[in-house]
Amino acid sequence: MGGIKLGAYKMISFDKIPSTQDYAHDLIAQKKASEKTVVVALAQSAGRGRYKRNWVSHHGNLYASFIYRIAERDPRLSYAVAVAVAETLIQFGMKPQIKWPNDVLIDGKKISGVLIEYAQNFVIVGIGINIKTCPTVKEYQTTKMENYTDASVEDVLSVLMKKLDKWRNANFALVRERWMDMAVCINKMVKYQGKTAELIGINEDGALVLRFDTRYVLTYGDEISI
Ligand code: BTN
């Protein structure tokens with residue numbers, strides 16, 4: 001483990017730990033967390049994804065949990081993070097798309113996942129980006145940056161930190177516009193709570209807008225399937 005200052009971030013790095021996300025939770029529980037701490041590992045033995053899924057975390061990819069102090073939960077953060085990750089990939093010459101709310105895809109295959117969790121007055125933004133390896137996953141296809149660029153974990157982390165700072169602090173109208181530009185499935189039919197709806201986009205509060213014939217539904221958290 002090492003702790004260094006990287007730009008405005010305090011970075012705590014490991015060769016391998018169970019989960020950077022769990023480590024971030026522990027820091028907060030022990031009152032050792034500070035604003036803009038990032039926990040990074042080269043590999044994880046118990047990486048966690050959304051919906052209690054595993055996040056297979058072999059050596060060679062980016063596994064990072066960013067800790068930020070917050071006054072209150074904000075559903076718009078999820079979109080800012082997705083745009084930051086997508087913009088990071090653009091910097092390396094790639095053409096990302098975003099699948100609601102914050103999966104980033106290349107050529108329709110998942111390359112990055114985001115897990116946002118709250119603890120006390122902090123939010124933990126866990127980000128995994130496939131750089132050198134991509135696991136085989138039952139639910140979706142995966143890809144890795146190595147198929148497109150020879151960027152290292154350090155290169156990607158350094159750009160990602162700058163993009164996170166930019167998009168977390170950007171006006172949400174800009175975040176929304178950028179998210180909508182890159183989003184897959186806008187105006188396509190999706191499944192929501194077992195019914196088919198048209199995905200219209202996100203509104204100014206960060207709610208997903210779905211249309212069932214003439215009725216509009218706003219949702220913040222439920223899973224949609226595409
Ligand atoms: C998803 O299911 O798409 C979200 C995956 C999030 C994985 C990252 S890797 C860094 C951090 N540590 C974890 O255990 N999970 C997140």
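Tell me, yes or no, whether the range 137-154 has at least one residue that is within 30 Å of Ile28 (Cα to Cα) and assigned to a helix (DSSP H, G or I).
Yes, there is a match, as at least one residue in the range 137-154 is within 30 Å of Ile28 (Cα to Cα) and assigned to a helix (DSSP H, G or I).
Need pairs with beta-carbon distance below 7 Å; first residue aliphatic (A, V, I, L, M) and within the range 102-124, second at pLDDT below 95 and away from the ligand (no atom under 13 Å from the Cβ); sequence gap 6+ or separate chains.
Leu105/Val184
Could you list, in sequence order, all residues of the range 146-168 that are among the aromatic types (Phe, Trp, Tyr) and either out of contact with any strand residue (DSSP E or B) (no Cβ under 8 Å at 6 or more places or on another chain) or closer than 14 Å to Tyr9 by Cα (or both)?
Trp167
Which one of these is β-branched (Val, Ile, Thr) and within 28 Å of Ser34 (Cα to Cα): Ile124, Ile106?
The conditions single out Ile124.
Within the range 127-156, can you find the residues that are open to solvent by less than 20 Å² (accessible area, probe 1.4 Å) and within 18 Å of Gln97 (Cα to Cα)?
Within the range 127-156, Ile127, Gly128, Ile129, Asn130, Ile131, Thr143, Met145, Val156 meet the criteria.
Looking only at the range 188-225, count how many residues are assigned to a loop (DSSP other than H, G, I, E, B) and open to solvent by 100 Å² or more (accessible area, probe 1.4 Å).
6
Kindly evaluate Ala64 against the criterion of being open to solvent by less than 20 Å² (accessible area, probe 1.4 Å) and closer than 29 Å to Gly201 by Cα.
So Ala64 fits the description; yes.
Condition check: under 15 Å from the mean Cα position of the chain (by Cα), open to solvent by 10 Å² or more (accessible area, probe 1.4 Å) and more than 17 Å from Lys109 (Cβ to Cβ). Does Tyr51 satisfy that?
Yes: the conditions hold for Tyr51.
The values are calculated or read from the model by the stated rules, or taken from the named source; none is laboratory data. Being a predicted model, the structure only gives us computed values, none of them experimental. Neighbour counts are summed over all protein chains in view; Cβ atoms, including those assigned to glycine, are modelled from backbone coordinates with ideal geometry. To get the accessible areas, we keep the full protein, side chains included, count just its heavy atoms, and leave off ligands, DNA and RNA. Shrake-Rupley method; radii C 1.70, N 1.55, O 1.52, S 1.80 Å.
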